[in-house]
Amino acid sequence: MESENRAYRGHCLILPYPLQGHINPMLQFSKRLQSKQIKVTLVATRHMFNTTISEQAVPSIPVETISDGYDQGNIKVSPEVCLERFREVGSQTLAELIEKLRGTEYPVDCIVYDAFLPWVLKVAKRFGVVGAVFFTESCAVYNIYYHVYKGLLDLPLVDGSERSCVAGLPPLETSDLPSFLSVPGSYLPILGLAVNQQLWNVDRVDFVLCNTFYELEKEVVDWMAKFMTLRTIGPTIPSMFLDKRLQDDMEYGLSIFKPNTGTCMNWLEERPNGSVVYVSFGSLAELGVDQMEELAWGLVDSNCHFLWVVRSKEEAKLPKDFLGETSEKGLLVSWCPQLQVLAHKAIGCFVTHCGWNSTLEALSLGVPMVAMPQWTDQSTNAKYIMDVWRMGLRVRCNDKGIVRREEIEHCVREVMDGERRKERDEEKCNQME
Ligand code: UDX
């Protein structure tokens with residue numbers, strides 16, 4: 001039969017939102033599909049293609065482009081305007097792409113699209129194609145958004161309440177909620193994007209794919225699966241990082257920033273096992289000058305080696321005399337190959353903003369964390385890191401919202417050498433026996 005002779009079982013378009021934390025998991029998921037004999041085409045915006053993809057070949061994945069209406073780059077428009085224009089121009093150019101591929105050996109069978117782009121489902125349905133939404137955050141966070149969307153959650157929360165206010169989740173304080181729901185003033189403008197946009201068609205979509213795994217979020221996955229066709233497809237991390245016997249390719253994602261790979265890895269090679277604190281706040285978060293100063297001296301005072309990713313845009317915020325001080329103990333880079341770094345034996349702990357990818361990567365590689373959430377979903381991830389998975393400590397802010405150097409030093413020392421470290425090491429030994 002003709003279908004049995006085909007090299008692929010079907011053709012899937014993958015449409016990420018063009019941000020680092022969204023591209024990485026969707027690209028890795030693409031590779032998994034490919035390994036199951038599914039033809040995958042990455043759909044990028046023209047701007048992303050011209051600025052990022054044209055410089056770095058995406059290994060083995062063909063790329064097609066559509067327009068988000070800003071082919072020359074987005075010149076300072078609000079997220080609302082940007083998303084609306086992406087909807088208008090993107091719908092039209094995506095339809096043209098599906099039409100073009102109709103005439104090929106592999107017309108499109110399915111589109112996996114980022115939750116920020118819910119309009120894709122309408123285009124998919126117009127062409128009779130399967131539509132699957134991809135959630136780049138944890139199930140717990142989407143469950144909170146779902147409760148808000150359905151009017152099931154009364155905000156602000158009554159802090160100190162023993163009862164869980166969100167089904168499937170542990171009791172939450174206001175400070176454990178995503179920042180759009182907890183920080184006064186940020187509620188309304190972003191709420192529409194964070195909550196409504198991402199959830200308005202989950203009842204109609206063919207599949208909801210969440211970058212998590214069942215054992216990690218059992219209760220919440222079970223609860224949400226009652227209302228939507230939820231599938232856990234994570235962690236989207238190359239299998240060779242999880243099991244050294246597996247040799248799939250090391251290429252993790254498309255880097256919007258250029259990593260200083262050689263510098264980082266050579267430096268780590270010369271450090272003792274478990275002696276280095278890795279520090280990174282992902283691709284978007286920006287620390288204030290005061291916070292940057294406290295973090296810098298907190299790291300120095302911890303007296304540990306540290307590898308700190310300070311993106312070029314943030315460098316000017318470092319304290320003036322800090323760079324000289326760090327030459328002994330620390331290495332600053334503008335971007336690194338994070339997975340390779342976390343998998344290195346020299347790493348003892350990860351000071352993280354708790355972005356969902358970073359959290360999953362650290363959990364998967366068994367690296368304990370100092371959780372320093374900044375905004376969006378990160379506070380909820382921090383709550384889970386400390387209280388549910390018991391994989392780290394969450395720093396406390398002072399009344400001005402700053403985490404002081406003493407607190408950073410204390411948390412780093414505690415995670416590197418304290419009781420929890422001993423507990424975790426014992427657990428590891430028991431598991432290995
Ligand atoms: C954001 C949100 O914070 C996150 O919670 C959401 O789910 C996706 O969008 P970001 O802030 O960039 O992402 O953080 P994170 O989710 O941790 O993603 C960063 C990615 O960049 C990770 O995959 C990490 O491995 C990679 N990275 C980071 C590097 O490769 N090198 C670095 O130096 C720093």
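The values are calculated or read from the model by the stated rules, or taken from the named source; none is laboratory data. Model, not experiment: these values are computed from the prediction. Cβ: placed from backbone, ideal geometry, glycine included. Neighbour counts: every protein chain shown. Just so you know, the surface numbers come from the protein's heavy atoms only, side chains and all, with ligands and any DNA or RNA stripped out. Shrake-Rupley method; radii C 1.70, N 1.55, O 1.52, S 1.80 Å.
Below is a table of values for the structure above.
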{"item": "Heavy-atom accessible surface of the chain: percent carbon and sulfur, 1.4 Å", "result": "51"}
{"item": "Average Cα contact separation per residue, the chain, under 8 Å, 6 or more apart, as relative contact order %", "result": "14"}
{"item": "Trypsin sites (Lys or Arg not before Pro) restricted to segment 331-392 and DSSP loop, no more than 11 other C-beta within 10 Å", "result": "none"}
{"item": "The chain - mean residue ellipticity at 222 nm from DSSP helices (-39,500 (n - 2.57) per run, n ≥ 4, rounded to 500)", "result": "-10500 deg cm²/dmol"}
{"item": "For the chain, accessible area per residue (1.4 Å probe, heavy atoms of protein chains only), Å²", "result": "46"}
{"item": "Spatial separation of Cα centroids for segment 103-129 and segment 209-239, in angstrom", "result": "22"}
{"item": "Whole-Hz ³J(HN,Hα) from phi, Karplus 6.51 cos²θ - 1.76 cosθ + 1.60, for segment 84-96, glycine and proline x", "result": "5, 5, 4, 4, 5, 6, x, 4, 5, 6, 5, 4, 4"}
{"item": "Solvent-accessible area of residue 423 with every protein chain in place, 1.4 Å probe, in Å² to the nearest 10", "result": "80"}
{"item": "Dipole axis of the chain (+1 Lys, Arg; -1 Asp, Glu on Cβ), positive-most option in 174, 386, 27", "result": "27"}
{"item": "Nearest 10 degrees, 0 to 90: helix 289-302 Cα axis against the chain principal axis", "result": "60"}
{"item": "Charge tally in the Cβ shell below 13 Å around residue 264, where Lys, Arg are +1 and Asp, Glu are -1, residue 264 excluded", "result": "0"}
{"item": "Residue-by-residue Karplus 3J(HN,Hα) for segment 174-182, coefficients 6.51, -1.76, 1.60, Hz, glycine and proline x", "result": "4, 6, 8, 7, x, 4, 5, 9, 10"}
{"item": "Rounded if a/c under 1.5, otherwise prolate or oblate - segment 58-187, Cα gyration tensor axes", "result": "prolate"}
{"item": "Neighbourhood charge, 13 Å Cβ-Cβ cut-off, centred on residue 166 and excluding it, Lys, Arg +1 and Asp, Glu -1", "result": "-2"}
{"item": "The chain - convex hull of the alpha-carbon atoms, volume per residue in Å³", "result": "165"}
{"item": "³J(HN,Hα) computed for each position of segment 398-410 - Karplus, 6.51 cos²θ - 1.76 cosθ + 1.60, integer Hz, glycine/proline x", "result": "7, 6, 9, x, 9, 8, 6, 4, 5, 5, 5, 4, 4"}
{"item": "Size of segment 261-432 as Cα extents on the principal axes (Å, biggest first)", "result": "47, 39, 26"}
